[in-house]
Amino acid sequence: MQYISTRNKDICISASEAIIQGISRDGGLFVPKTLPKIDNIEELADMDYKELAYEIMSKFITDFEPHILKDCIDKAYDDKFTKGIVPVADVGGAYFLELFHGPTLAFKDMALSILPYLLKTAMDMKGVDKEIVILTATSGDTGKAALEGFAGVEGIKIIVFYPEDGVSEIQKMQMLTQEGDNTFVVGIDGNFDDAQSGVKQLFNDPDFVKAMNGNNYILSSANSINIGRLIPQIVYYFHGYLTLLRQGKLKKNDKINIAVPTGNFGNILAAYYGKEMGLPVNKLICASNENNILSDFINTGIYDARRELILTSSPSMDILISSNLERLLFHLSGEDANLIKKNMLGLSEEGFYKMDPINTDGFYGFYSNEKEVSQGIEEVFRENNYLIDPHTAVAYNIYERYRLETKDETKTLISATASPFKFGTKVAKSIGMDIKGKNQFKILEDLAVETNTEFPEAIRTLKEKPIIHKNNCNKESMKEMVEVLLNMK
């Protein structure tokens, strides 16, 4: 399996090289040269999660020895995951794919638990004798999951940039209390798009890359722009489908819909890859919050980032520059790298591009506003005694809208992407709790009692941890911040 750049198909490298680089040197993203196919999905039904992960990932990461890839998988999906790694909850006929039972209580754990092992293995294979520096921007959950995954990993340092006012209080505390001498966290005076574009500029700055090399460092990424982040996410959609098949909720050849709350488009792109590999998917439901740039694009073919970013209760979706959409456009355009390069340049310079013609018939897109998010949380809890976070509520709302609008009763997997306890204030208010005068942890304690739900220890113990990271900068000074943190100055 080879990987090519979305902006230049002549750039063609191995899986291990793509994992190390993270992003192509021309600014494009790496995609598989061909997508592998799985013909008899039902034959995978008796596999546990680790076995299924190997079956899927071995078709993409072909330059790892089988026993080495299996070892990476075994170490990643161990007892730090609870409740069978990814349970599927039947909630009033909607099927919630619970992706938040990892160490940081968000779906990002599913890939960021294995990426350090993939990266370290790739480094050993390629004889990399420099220290890798992971530069990552986060809208909330990627940061903590990446920090947790890479903390203490020899030969790797990780620097996470996050928007100061663009994450929840719990998300911020998870990052700022992170231990590990190789971990660094920096707040940005700006939004996620500022952090993400700043990181991309550093990757594409030849003078900075040269200076890094001169200091015995090379750059890589833990964002979903790294193909090593994206591939493991394909696994849980196959797992969700096979779970319903085993439970008798589906019959052979039955199709499913998949509803995904998305901002950077990585999670739903993994579902698209699953469909292209043979997963019987009827419709991919792209659920946006009030930053509805993706649903607008799906419905019009116009990507227009010339709008004000809105801070919502689902901060992981507060994004206007959706990186992984570039990969989808590459595939849907017939792999027209020149068109992708032109459109991405237009987005960078003008904040706008139009894809015409493009076939997005496999997708349904719409958005949910803040009032509707509260209503979704309240409705699911009142009717089914099941608690969901704001991101999951966005997906649930758009699933319901799609079902009512189309009368399509295809069974649907809804990506439940985070624990409701990461967004306790919004969840508690939505179900009618009185939170006046209470701090975040008192709200969460009361929420657990009120809903008879377990208060996750990883969040409950945060209040006892000291703040370790106190760095802050603006977008223009990110380069200088990295140089200071790495003792390059």
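Assess whether ILE293 counts as being aliphatic (A, V, I, L, M), farther than 30 Å from ILE38 by Cβ and within 20 Å of the chain's Cα centre (by Cα).
yes
Residues that are of a type in the set (D, E, K, R): list the helices (runs of 4 or more DSSP H) wholly contained in the stretch 142-242 that include at least 3 such residues.
Per the criteria, 192-203.
Does HIS469 satisfy the criteria of being of a type outside the set (A, V, I, L, M, F, W, C), more than 13 Å from ILE285 (Cα to Cα), touching a residue at least 24 places away in the same chain (Cβ under 8 Å) and assigned to a helix (DSSP H, G or I)?
no
Could you list, ordered by first residue, the pairs with Cβ atoms under 8 Å in which the first is in the stretch 300-316 and in a strand (DSSP E or B) and the second is among the aromatic types (Phe, Trp, Tyr) and surrounded by fewer than 21 Cβ atoms within 10 Å (Cβ to Cβ), at least 6 apart or interchain?
ILE302/PHE352; TYR303/PHE352; ASP304/PHE352
Tell me, yes or no, whether the stretch 273-289 has at least one residue that is over 30 Å from THR34 (Cβ atoms) and under 18 Å from the mean Cα position of the chain (by Cα).
For the stretch 273-289, residues over 30 Å from THR34 (Cβ atoms) and under 18 Å from the mean Cα position of the chain (by Cα): present.
Please find, among THR461, THR451, THR410, the residue that is of a type in the set (Ser, Thr, Tyr) and within 24 Å of PRO163 (Cα to Cα).
THR461
What do you reckon, is LEU119 surrounded by 15 or more Cβ atoms within 10 Å (Cβ to Cβ), within 19 Å of the chain's Cα centre (by Cα) and either free of Cβ contacts under 8 Å to residues at least 12 places away in the same chain or part of a strand (DSSP E or B) (or both)?
Here the answer is no, as LEU119 does not meet what is asked.
Hey, could you check the stretch 345-374 for residues that are touching a helix residue (DSSP H, G or I) at 6+ places or on another chain (Cβ under 6 Å) and assigned to a helix (DSSP H, G or I) and say which is surrounded by the most Cβ atoms within 10 Å (Cβ to Cβ)?
Selected residue: VAL373.
Which one of these does LEU347 not meet: (1) in contact with a Phe, Trp or Tyr (Cβ under 9 Å, 6 or more places away or on another chain); (2) at pLDDT below 95?
Against the list (1) in contact with a Phe, Trp or Tyr (Cβ under 9 Å, 6 or more places away or on another chain); (2) at pLDDT below 95, LEU347 comes up short only on (2).
The values are calculated or read from the model by the stated rules, or taken from the named source; none is laboratory data. Here the structure is a predicted model, which means the values were calculated and not measured. So basically every Cβ, Gly included, is an ideal-geometry build from the backbone, and we count neighbours across all protein chains shown.
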